[in-house]
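A short write-up of the structure that comes next.
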Amino acid sequence: MIQDASLHQAKPAIVIVPGSFSPASFYADLVTALQSYGHEAIAETLLSSARSPLRGEKAATMQEDAEFFHDIAERLADQGRDVVILTHSYGGLPGTECSKGLSKEERRAAGKPGGISRFVYVTSVVPPPGKSLKDLMGDLVPSFINVEGEFMSHVIEESAKLTFSDMPLEEGMEWVKKMPYHSAPSFEGQLTYPGYNNIPVSFIFCDKDVILPPEFQTSVIESIEKESGKKVDVHHLNIGHCPNVSAPTELAAVVAKAVASGRGPKSEHRL
């Protein structure tokens, strides 16, 4: 839910677009930490993770995820707020797609207040136009993912070893057990709106990520720079794929730094 913003008007509101299989609760500690920096922070569960075959629901598409977060960002912008879109993993796709018509420049030209002032991509999948997560990652389904019709689920122990590779195995397994089903079709949704061409970008590079390893993250940064013609502001964390769970305080500090000072030429920051 969008919170009472009265205490946070001076700084951008941060809308968190989660990774696949990740309910909003996985970002609760990050939301709290970001609030300590004076930011209103909003985390909502992706439609692609909120629907379940156990309830006979149809799997959501990436476009539906994007429309959902577009509405959240637009409501904040209509309040005159600057908005930062913070994405994680798969969330890079709908998070980018959701920005259509919402950049500060586009809204200013239309005589509207507020708008998206920055993307902060946390070890995210961000393809060029016309490409999907499946296009970037290949057709090979990871061995820790079970595909059941339109939905996917995780093999608990194997997923824990990789998704939460920087945590004790038993702790990681407890997190995997909390993961909902996720939509298989969402991984095939193609980016149609490269919002990073119009909106400044920061990228939080997770050095120990084995789901989206360093070479993949580097390729994403290079692709954004090629498409946009602009440098990406890069920050490093010596952490695995889910810093929102394993290091929310450290992640919040880097996000706050990126939002406050991530302008101008490409820079490299390490923690």
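Values quoted throughout were computed directly from the atomic coordinates according to the rules given, and no laboratory measurement underlies them. Not measured: the values here are computed from a predicted model. Heads up, the Cβs are rebuilt from the backbone with ideal geometry, glycines too, and the neighbour counts pull from every protein chain shown.
What the table below lists for this structure:
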quantity: Amide H within-cut-off set for Ala41, under 5 Å, with H built and near neighbours excluded; calculated: Ile14
quantity: Ranked packing of 200-208, 56-64, most packed first, by mean Cβ within 10 Å; calculated: 200-208, 56-64
quantity: Degrees between helix 248-261 axis and first principal axis of the chain (Cα, 0 to 90, nearest 10); calculated: 30
quantity: Spin-label pair Val210/Ser52, simplified geometry with 7 Å Cα→Cβ offset, distance in nm; calculated: 2.9
quantity: Using a Förster distance of 41 Å, the FRET efficiency for Glu105-Gln35 (Cβ separation, nearest 0.05); calculated: 0.90
quantity: Estimated [θ] at 222 nm from DSSP helical runs (n ≥ 4, -39500 (n - 2.57)) normalised by residues in the chain, nearest 500; calculated: -10000 deg cm²/dmol
quantity: Protection-proxy order for peptides 159-172, 79-92, 33-46, each taking the mean of Cβ atoms within 10 Å per residue, highest first; calculated: 79-92, 33-46, 159-172
quantity: GluC sites (Glu not before Pro) within segment 199-231: DSSP coil, no more than 14 neighbouring Cβ in 10 Å; calculated: none
quantity: Flagged links, alpha-carbon separation over 30 Å, of Lys226/Lys257; Lys100/Lys177; Lys11/Lys112; Lys58/Lys100; calculated: Lys100/Lys177
quantity: 0 to 90° range, to nearest 10: angle between helix 62-78 axis and the chain longest Cα axis; calculated: 30
quantity: Of every Cα-Cα pair in the chain, the percent that sits beyond 32 Å; calculated: 16
quantity: Helix axis angle, 214-228 relative to the chain longest principal axis, alpha carbon, degrees; calculated: 40
quantity: Antiparallel DSSP beta bridges within segment 13-270, percent to nearest 5; calculated: 15
quantity: Lys226-Lys112 pseudo-label distance in nm [points 7 Å out on the Cα-to-Cβ vector]; calculated: 3.2
quantity: Fluctuation leader among Val126, Val245, Val17 - the chain, Gaussian network, Cα springs under 10 angstrom; calculated: Val245
